[in-house]
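So the structure is just underneath, and the comments pick up after that.
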């Protein structure tokens, strides 16, 4: 197969001449595309600037800016192609996209799902940038809400990227959704301590602590009887409701409550176990109406308890008596018995 060098050279020459003829159009097309691109950036910046004036519409400004920028860039691409390629018709592109929309939908299902979820999150605003949220095992501050995913910064400075579809279809806790937040902390006092006195001491700490709001007012309630203590729950409100402020007030209140209770003779018991012997209430053994496992039975007659040392002494005395009786029995058994003189029977 022979190649006609002359015809090849003529073809290349025609292509070069055609490119040279289209260079002005290509240059104009690029200028038009850049104009639309800068217009999109300007529209996005304008939308964000207008949204900053309305705190509750900040996310709406973000989504409108991105949508306007994308639309202008797409329009710029179409206009540039029409200028550069006269035979190009935008209707052909839309027809091609319509034919392949089903295949594209299956191929990019997750991406489109996250895209739509991102638009809904930006429009409905269940949380905003700088909010502190909790999603499953992740907790932190929202850094950015993008079209595909939301990024949060954890309290130990790590970035978590969460797809928008998960945030939209699952439960999310927004800790900074409101201006105030209630904080709780449990304290255990001894069963022999005065509950009202302990409440007053804890309330005194809450009313004088920095960062604790007095409206709504703090309170202290009894929440249960634990194995070794009576549980008191202190509840107070803080503002702003951010994690750092909550931890700061909790640290001060726990330290002050501990020192106040101890200095006023209120016990902070550790978990203990009580071992009760069966003969501790032997005086009323079998009478369940009086026997309370060592505790006084209300206003009834209190059973007299027996000390463990007395029980051990009685046990040792009984063992000594048994051993003494055993020795006496052994001595009697080992002692030779005297013979008896038996006279012969008379004839």
- Message: Go through the stretch 145-170 and report how many residues are assigned to a strand (DSSP E or B) and either touching a residue at least 60 places away in the same chain (Cβ under 8 Å) or in the same structural domain as residue 213 (by TED's automatic domain parsing) (or both).
- Response: 1
- Query: Quick check, is residue 142 farther than 26 Å from residue 272 by Cβ, part of a loop (DSSP other than H, G, I, E, B) and not assigned by TED's automatic domain parsing to the domain that holds residue 242?
  - Reply: no
- Message: Give me the residue from the stretch 16-36 that is at pLDDT 80 or above and touching a helix residue (DSSP H, G or I) at 6+ places or on another chain (Cβ under 6 Å) and, out of that set, nearest to residue 73 (Cα to Cα).
- Response: 36
- What residue, among those in the stretch 171-187 that are within 12 Å of the chain's Cα centre (by Cα) and outside any loop (DSSP other than H, G, I, E, B), is surrounded by the most Cβ atoms within 10 Å (Cβ to Cβ)? 174
- Task: Test residue 159 against the stated conditions and say whether it is exposed (fewer than 14 other Cβ atoms within 10 Å of the Cβ) and on the phi < 0 side of the Ramachandran plot.
- Result: yes
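Is it true that residue 201 is farther than 30 Å from residue 255 by Cβ, more than 16 Å from the chain's Cα centre (by Cα) and either part of a strand (DSSP E or B) or touching a residue at least 24 places away in the same chain (Cβ under 8 Å) (or both)?
No, not satisfied.
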- Item | Among residues of the stretch 216-262, those that are assigned to a loop (DSSP other than H, G, I, E, B) and under 29 Å from residue 142 (Cα atoms), counted | 5
- Message: Taking the conditions exactly as written (under 18 Å from residue 125 (Cα atoms), within 16 Å of the chain's Cα centre (by Cα) and crowded, with 16+ Cβ neighbours inside 10 Å), does residue 141 satisfy them or not?
- Response: yes
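The values are calculated or read from the model by the stated rules, or taken from the named source; none is laboratory data. Being a predicted model, the structure only gives us computed values, none of them experimental. As a convention, Cβ positions derive from the backbone with ideal geometry for all residues, glycine included, and neighbour counts pool all protein chains shown.
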